[in-house]
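Structure first, then comments.
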Amino acid sequence: MSILKDYQSQATTWCPHCGNFNILQAMKTALIELGLEPWQVCLVSGIGQAAKLPHYLKCNYFNGLHGRALPAATGLKAARPDLPVIVTTGDGDCYGEGGNHFLHALRRNPDITVIVHDNQVYGLTKGQASPTSPRELVTRTQPHGPQSEPFAPLALAVLLHAPFVARGYAGDLPHLKDLIVQAVSHRGLALVDVLQPCVTFNHLNTYEWYAERVYPLEEGYDPTDRAAALERAQEWGERIPLGVLYREERSVFGDDLPAISRGPVTERPRTPQQVESLLAEFEFAAAHGVAPS
Amino acid sequence: MAIDLNLRVSGQAGQGVDTLGTLLAEVLHADGLHLFTHQDYMSRIRGGHNYYQLRIADQPLTAAREKLDLIVALDERGLQEDWPVAGPRPVVLVDGEFEQSEGLKLRVPWARLAEEAGDARYANTAAAGAALAQLGHPLETLLARLEATFARRGPEVVAGNQQAARAGYAFHLEHFSRMLPLHAPVLPPHGQLLLSGVEAIALAALAGGVQFYSGYPMTPTTGILTYLAQHADGQDLVVEQAEDEIAAINMCLGAAYGGARAMTATSGGGFCLMVEGLALAGMTETPIVIALGQRPGPATGLPTRTEQGELWFALHAGHGEFPRLVYAPGDPTEAFELTFLALNQADKYQTPALLLYDQYLADMTATVPRPDFSGLTVDRHLATAEEIGGDYQYARYALTDSGVSPRALPGTPGAVVEVDSDEHDVHGHIIEDAETRKAMVDKRLRKSAGMRQDMLPPLLTGDAEPDLLLLGWGSTKGCLAEAAALLRQSGERVAQLHCPQLWPFPAEAMSAVLQSARRTFVIENNATGQFRGLISRETGICPDELVAKYDGQPFAPQEIVAAVRSRRREKA
């Protein structure tokens with residue numbers, strides 16, 4: 001049984017009061033609740049403030065390239081279905097640089113958890129608009145505000161039949177911890193978009209702004225109702241729902257691929273000699289011996 | 001060689017040129033002859049003009065030949081494309097009634113014979129029968145191949161195809177018996193394989209223990225993806241077509257981090273997208289093999305033709321400085337050996353290995369000896385339990401004399417495996433201090449010393465202290481061998497140098513060879529002489545002459561002989 005201290009790692013480099021602190025804390029407490037030791041967990045991240053999280057939580061991690069966490073996590077999970085794989089990513093990393101991978105990860109549906117720290121702004125590069133920035137967010141690189149509509153990741157995920165679609169809020173730690181526990185336990189791609197105030201670069205979507213708007217999904221809400229989920233996923237502005245918006249049972253990447261469904265390929269090393277049986281295909285048989293000359 | 005014939009099957013895309021060429025190659029190979037085939041096809045699904053060329057001999061072949069002895073033309077209108085510029089005319093088989101035959105243009109009504117056999121789609125099979133008759137070759141093995149090929153389509157299809165083959169064969173014998181057949185008889189079995197370049201790479205990937213393969217379809221690499229996907233379940237590996245090449249390489253790196261042996265393949269344009277991931281492999285010290293199948297660029301270039309234009313790209317791709325291995329096979333046999341070696345070496349040095357080939361090698365098939373599996377082992381070079389230790393003390397990037405750190409896999413009790421694309425300390429944590437940065441760069445580059453010890457020497461064949469030295473790399477190997485032999489026949493002292501490993505570069509061995517020769521010629525399928533430039537840079541010796549070809553076509557031996565002779569006349 002692990003305790004909080006077991007997950008202790010390096011000192012963070014985030015700004016004081018950053019929403020990331022609660023996400024980190026929620027992650028640690030969720031992993032403890034799930035009964036996982038640091039060596040049993042694998043985080044995958046790209047680049048950005050969110051992608052630094054694995055450095056602040058003792059566990060296995062693959063901190064790769066900007067936008068590329070999802071394919072790396074997909075490959076890792078395919079090779080090692082025994083390991084829980086959790087992607088920690090941000091709105092720029094996952095929805096911008098990695099947008100194409102996000103789309104196809106939803107289609108492919110590997111058994112991974114995707115936690116998106118969605119602060120609607122670029123933190124690491126200091127304050128540019130992100131794919132989820134509101135059009136009102138004036139920045140030094142977007143003096144007229146972003147010229148694109150904000151991305152709607154949860155609605156897209158519902159449309160593409162992602163099997164677990166949830167929204168958390170960094171200002172509500174127990175709720176977020178509970179969502180992460182559910183997401184990691186869920187089989188298939190579990191998407192948790194976490195509203196994360198950026199205290200340095202986003203002066204619109206503040207803790208106060210969120211506190212006036214977020215609400216937990218009411219009791220009796222049916223997450224298997226796709227039409228309702230699609231509607232809630234698009235609810236934004238006056239009221240913003242939190243919780244598991246959508247659930248669906250569907251086949252997971254690897255279900256039809258024996259090399260994945262048999263368990264970790266690393267436990268079944270192959271030998272060169274196994275291939276000799278394939279050579280017959282390249283021999284081709286003669287139907288007769290040498291013709292008389 | 002008592003037998004050395006050159007047959008071309010030509011026609012439009014979609015007419016079955018490849019299928020007919022392959023069928024004839026399989027039959028002749030099975031009947032004891034040695035084959036060397038190559039293809040030329042356009043980037044289209046229908047129309048145009050494609051060919052499949054078979055060189056047939058009684059001894060091992062290493063190269064194609066220009067002069068044609070027989071053309072089987074499925075599209076008569078396209079025939080002028082096959083017509084030799086000069087020299088003797090080949091025999092041509094075309095569809096049509098006997099009465100319309102003229103000179104060496106022999107008409108066999110294969111469309112009509114196919115309909116009489118039950119289906120117009122058997123026309124190419126009737127043509128195959130006629131082609132064997134023209135080659136003076138018996139029909140039995142073709143009939144057996146048709147049975148094997150069409151058995152799953154039912155006895156009627158087998159019987160129909162066999163009837164069409166017999167009819168084409170009989171028609172030819174009946175009407176053209178006065179024509180001297182080309183001499184390609186059945187020979188004693190050689191027990192060898194008929195293998196293409198991509199098949200050799202794919203087989204070696206399986207033999208080399210690849211457990212995860214992800215790629216995106218692109219000529220000339222799709223054959224690897226297809227072959228591995230077909231054998232994924234039986235051979236127990238994961239094969240996934242990624243959404244793009246960026247995803248392909250990152251999936252591979254994720255899988256490799258998890259402990260799977262991982263490989264991908266792509267061509268130049270796709271490799272451009274993979275370059276970011278290549279540098280990630282260098283920084284995270286994650287082993288991966290990337291097969292880079294070249295075709296003429298830049299950009300989309302000539303998508304289905306051949307070129308050796310990416311040597312410098314392969315050597316320098318990726319931002320920052322990190323060690324890499326670059327191998328360049330010259331034929332299907334070497335493609336098998338070097339793919340296998342690259343997989344073991346990538347694991348040994350925890351760094352990316354590139355396998356540089358091209359469309360010509362990908363699509364060439366040759367009668368080759370069976371690979372020798374005795375002594376082949378998959379060497380993973382993973383950390384031992386003692387090296388990993390317990391209590392979370394394990395450090396993925398421990399500093400060592402060799403630069404290679406013990407590699408543990410995630411999921412090991414009492415250890416965490418921390419891997420980072422940022423510069424990092426021994427544990428894989430982000431750092432920014434100058435001292436650690438320098439220590440890590442030095443550690444990674446230290447691996448080059450071991451890689452140089454394992455380096456393959458250049459292959460030198462032919463006369464000692466030659467008047468003429470022909471230097472090449474990759475798919476020109478067999479062609480240079482035959483060109484050297486032709487030049488030697490005219491009394492020259494000739495040697496050939498083929499370089500199977502391009503990085504680390506065997507500079508010392510190369511210097512010695514260059515100094516032993518009077519005139520040195522580099523022969524390359526590119527415009528700027530990249531190999532010649534590499535030799536100059538690494539040895540300080542610039543080879544005398546460059547024979548460059550960059551029209552999308554491979555070299556022929558006679559072409560190299562002519563180029564060498566003409567350069568010498570110019571200088572005389």
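The table below gives the values:
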item	result
Calculated diffusion of the protein assembly as shown, Stokes-Einstein form, Kirkwood radius summed over Cα pairs, 10 °C and 1.306 mPa s, µm²/s	53 µm²/s
For a label point 7 Å along the Cα-to-beta-carbon line of B:Arg77, residues of region B:7-21 with backbone N under 11 Å	B:12
In sequence order, calculated HN-Hα J values of region B:332-338 (Karplus, 6.51, -1.76, 1.60; Hz; x Gly/Pro)	x, 4, 5, 4, 5, 5, 6
Where a label projected 7 Å from the Cα of B:Thr400 along Cα→Cβ would reach, residues of region B:273-301 with amide N under 18 Å	B:282-288
For region B:1-17 versus region A:100-135, the gap between their alpha-carbon centres in whole angstrom	54 Å
For residues of B:166-173, the mean tally of beta carbons on other chains within 10 Å	0
Qualifying trypsin sites (Lys or Arg not before Pro) for region B:474-509 [loop in DSSP, other Cβ within 10 Å: at most 16]	B:Arg493
Assigned charges on the beta-carbon of Lys, Arg, Asp, Glu; chain A dipole about Cα centre (debye)	720 debye
Extension gain, B:Asp442 back to B:Leu459 (0.36 nm per residue minus Cα-Cα distance, nm)	3.0 nm
B:Asp358 long-range amide H proximity, modeled H, under 5 Å	B:Gln294
Pairwise label distance in nanometres, B:Ala512 with A:Thr125, each label 7 Å out on the Cα-Cβ vector	5.3 nm
For chain A, calculated [θ]222 nm from helices alone, where every DSSP H run of n ≥ 4 adds -39500 (n - 2.57)	-7000 deg cm²/dmol
Charge dipole (debye, nearest 20) of region B:1-137; +1 at Cβ of Lys and Arg, -1 at Cβ of Asp and Glu	300 debye
Amide H contacts under 5 Å for B:Gly48, placed H, 5+ residues apart	B:Ala13
Anisotropy class of region A:137-207 from Cα gyration tensor, a/c 1.5 cut	oblate
Pairwise FRET efficiency - B:Ile3 versus B:Glu174, Cβ, R0 = 30 Å, nearest 0.05	0.75
GluC sites (Glu not before Pro) restricted to region B:120-181 and DSSP loop, no more than 14 other C-beta within 10 Å	none
Förster-model FRET efficiency, 25 Å R0, B:Gln59 and A:Glu283, C-beta, rounded to 0.05	0.85
Neighbour-limited loop hits for chymotrypsin sites (Phe, Trp or Tyr not before Pro), region A:2-35 (at most 12 other Cβ within 10 Å; DSSP other than H, G, I, E, B)	none
Selection from B:Gly258, B:Leu182, B:Leu534 lying farthest towards where the dipole of the protein assembly as shown points positive, charges on Cβ	B:Leu534
Cβ-placed point charges (K, R +1; D, E -1), dipole of region B:397-491 about Cα centre in debye, nearest 20	320 debye
Hits among lysines - C-alpha to C-alpha of B:Lys438 under 19 Å, sequence gap 8 or more where chains match	B:Lys447
Shape call, region B:497-563: gyration tensor on alpha carbons, a/c limit 1.5	prolate
Pair A:Arg262, B:Ala449: separation of 7 Å Cα→Cβ label points (nm)	4.1 nm
Neighbourhood charge, 9 Å Cβ-Cβ cut-off, centred on B:Arg567 and excluding it, Lys, Arg +1 and Asp, Glu -1	+2
Candidates A:Thr74, A:Thr206, A:Thr271, ranked by Gaussian network fluctuation over chain A, Cα under 10 Å, top entry	A:Thr271
Within 10 Å of each Cβ in B:404-411, the average number of Cβ atoms from other chains	4
Test item: B:414-425 mean partner chain Cβ contacts at 10 Å	6
Tally of Lys pairs whose C-alpha atoms are under 18 Å apart, taken over chain A, 8 or more apart or cross-chain	8
Shape of region A:1-93, Cα gyration tensor, a/c cut at 1.5	oblate
Rg over Rh [alpha-carbon atoms, Kirkwood Rh] for region B:274-327	1.01
Proximal charge balance of A:His117 [Cβ under 11 Å; K/R count +1, D/E count -1]	-3
Chain lengthening between A:Asp255 and A:Asp82 when straightened (0.36 nm per residue, less Cα-Cα)	60.9 nm
Candidate lysines for bridging to B:Lys477, where Cα separation is under 27 Å - those fewer than 8 sequence places away on the same chain excluded	B:Lys67, B:Lys549, B:Lys571
Lys/Arg +1, Asp/Glu -1 at C-beta; the protein assembly as shown dipole; positive extreme among A:Met1, A:Val265, B:Phe212	B:Phe212
Sequence ranges B:546-553, A:103-110, ranked by mean other-Cβ count within 10 angstrom, highest first	A:103-110, B:546-553
Region B:60-106 and region A:228-283: distance between their alpha carbon centers, rounded to Å	52 Å
Rounded to whole Hz, the Karplus (6.51, -1.76, 1.60) HN-Hα couplings of region B:226-241, x for glycine and proline	5, 4, 5, 4, 5, 10, 4, 5, x, 8, 6, 9, 8, 10, 9, 7
Fewest-first ranking of B:Cys252, A:Cys42, using other Cβ atoms within 10 Å as the exposure measure	A:Cys42, B:Cys252
For region B:193-298, projected area of the alpha-carbon convex hull averaged over all directions, nm²	6.6 nm²
DSSP beta bridges in the protein assembly as shown [antiparallel fraction, %, rounded to 5]	30 percent
Virtual spin-label span in nm between B:Arg569 and A:Asp225, 7 Å along Cα→Cβ	8.9 nm
Ranked list, fewest to most other Cβ atoms within 10 Å of each Cβ, for A:Phe284, A:Phe102	A:Phe284, A:Phe102
Distribution of pairwise C-alpha distances over region B:158-211, 10 Å bins, in %	17, 22, 26, 21, 11, 3
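Read-outs: derived from the displayed coordinates by stated rules, not from any lab. Remember, it's a predicted structure, so these values are computed and weren't measured experimentally. Every residue, glycine as well, gets a Cβ built from its backbone with ideal geometry; the counts of neighbours run over all protein chains shown.
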